[in-house]
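The values are calculated or read from the model by the stated rules, or taken from the named source; none is laboratory data. Everything numeric here is computed off the predicted structure, so don't read it as measured data. Cβ placement follows ideal geometry from the backbone for every residue including glycine, while neighbour counts extend to all protein chains displayed. We work out accessible area using only protein heavy atoms, side chains counted, and drop any ligands, DNA or RNA first. Shrake-Rupley method; radii C 1.70, N 1.55, O 1.52, S 1.80 Å.
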Amino acid sequence: MTADSTPALVKQADADTDGPAPAAPPAARGPRARNTQAYLKYVAAKIFGAAVSLFAVLVTSFFLFRLIPSDPVKQMTGGRPVSAEQLESLRRQLGLDQPMWQQFTSYVGDALTGDFGTSFQYHAPVIDKITEALPATLLLTGTAYVLYSALGIWLGTRTAWRNGSKSDRFNTALALTLYSVPSFWLGLLLIIVFSVGVGPIPGMFPTGGLESGNESGFAYVLDVAHHMVLPVITLVAVGYAQTLLVMRSSLLDEMGSDYLTTARAKGLRDDTVRRKHAVPNAMLPTFTLMFVNLGHVVAGQILVETVFSWPGLGGLFYQGLSVPDLPLVQALFFVFATAVILANTLADLLYPLLDPRVGR
């Protein structure tokens with residue numbers, strides 16, 4: 001091997017020629033970094049608020065249904081002559097003989113692990129009953145949610161853009177009327193007219209239930225769709241009215257904005273101005289409403305499901321109140337409230353993506 005005979009000064013010159021090593025990219029600074037930090041704080045605050053709300057709902061669900069002036073044990077015996085010893089034994093089996101504080105701590109501890117106890121009237125785990133009824137609720141309310149959201153946004157946009165026209169006055173009056181009508185009353189009216197039949201109108205649809213019980217294959221799908229017609233119409237009639245009114249009001253607020261005048265001055269067509277400029281900004285309040293209603297998809301519609309004997313979570317909750325089946329109604333109340341809280345939190349987290357002014 002030969003020693004390196006390159007003079008030190010030549011090495012230094014070569015190093016100077018090559019230039020300094022590339023520096024690491026600077027850390028993010030300025031408005032972008034501040035906005036990111038502000039958004040992370042905003043997200044943390046919303047998640048913390050949701051966690052506090054969920055715990056408050058968990059506590060409320062325990063005490064709320066114990067205010068009902070009814071004894072579950074006596075209701076379960078159905079008025080049959082039962083001795084005091086038998087009643088006490090049944091209370092002991094259901095855990096109702098324990099002090100209130102002990103029942104509460106056991107309930108909270110089990111609920112945090114996903115165990116909501118055993119139903120008094122069905123003698124089955126509550127979580128199994130909820131899982132069994134959930135698909136029927138999602139089928140009914142999910143179908144109605146998609147229909148009334150699309151219909152409400154479309155009609156709300158058209159009525160606002162043609163403010164003062166005959167179609168605007170008609171659609172607004174109809175929406176206000178339907179929004180004011182109780183959903184259970186509308187459901188009963190539809191049953192009387194289209195299930196029982198009135199005058200020349202024959203009974204065309206079932207009075208309730210999910211299926212007839214004697215169909216299979218594609219005939220089963222048609223049978224379920226036939227049973228869904230009236231409850232879906234009931235939910236869509238009330239839901240679309242609310243969405244239409246919110247969308248119409250939001251778009252009317254945007255129509256006098258300067259940026260729309262500028263867009264028209266640039267020669268854009270009226271339809272383009274509406275679709276690409278006015279509607280996206282007017283969608284923000286409607287976006288929030290859609291997420292609130294999304295939470296109600298899981299919560300179901302207790303009155304509508306009860307009127308139409310729909311085997312979903314709403315009907316299950318109504319049956320649980322009649323006892324009262326404390327483990328069942330506590331768990332369902334917690335599930336309903338959790339769905340709404342999570343939907344609202346998700347809307348809060350996505351809202352800054354639509355409006356950068358939020359969360360700064």
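Quick look at the values:
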{"quantity": "Table column - 3J(HN,Hα) (Hz), region 169-185, Karplus curve with 6.51, -1.76, 1.60, x for Gly and Pro", "calculated": "5, 5, 5, 5, 5, 5, 5, 4, 5, 5, 5, 8, 7, x, 5, 5, 5"}
{"quantity": "Potential lengthening between Val221 and Leu147 on full extension [0.36 nm per residue; Cα-Cα distance subtracted]", "calculated": "24.8 nm"}
{"quantity": "Note, ³J(HN,Hα) from phi for region 110-124, Karplus 6.51, -1.76, 1.60, rounded to Hz, x at Gly and Pro", "calculated": "5, 5, 5, 9, x, 9, 9, x, 10, 5, 5, 8, 9, 6, 9"}
{"quantity": "Spread of Cα-to-Cα distances over 10 Å intervals beginning at zero, given as percent, for region 121-234", "calculated": "11, 29, 33, 20, 6, 1"}
{"quantity": "D (Stokes-Einstein, µm²/s), Kirkwood Cα radius, region 247-360, 0.692 mPa s at 37 °C", "calculated": "192 µm²/s"}
{"quantity": "Trypsin sites (Lys or Arg not before Pro) lying in DSSP loop within region 239-310, provided at most 16 other Cβ fall within 10 Å", "calculated": "Lys266, Arg269"}
{"quantity": "Label-point gap, in nm, between Asp115 and Thr207 - each point 7 angstrom along Cα→Cβ", "calculated": "4.3 nm"}
{"quantity": "Normalised contact order of region 160-270, rounded percent, pairs of Cα under 8 Å and 6 or more residues apart", "calculated": "32 percent"}
{"quantity": "Length released on extending from Ser249 to Ser309, taking residue separation times 0.36 nm less the Cα-Cα span", "calculated": "18.0 nm"}
{"quantity": "Most to least accessible of Leu354, Leu328 (protein chains only, probe 1.4 Å)", "calculated": "Leu354, Leu328"}
{"quantity": "Sequence of Met228, Met255 when ordered by accessible area, the most exposed leading, probe 1.4 angstrom", "calculated": "Met255, Met228"}
{"quantity": "Calculated FRET value between Ala51 and Leu134, using beta carbons and R₀ = 30 Å, to 0.05", "calculated": "0.80"}
{"quantity": "Carbon + sulfur, % of accessible area of region 123-171 - ligands and nucleic acids excluded, 1.4 Å", "calculated": "67 percent"}
{"quantity": "Formal net charge of residues neighbouring Leu134 (Cβ-Cβ distance under 15 Å; K, R +1; D, E -1)", "calculated": "-2"}
{"quantity": "Under-5 Å amide H pairs with Thr118, H placed in peptide plane, nonlocal only", "calculated": "Val126"}
{"quantity": "Scattering curve values for region 278-334, log₁₀ I(q)/I(0), Debye with Cα scatterers, q = 0.23, 0.24 Å⁻¹", "calculated": "-0.85, -0.89"}
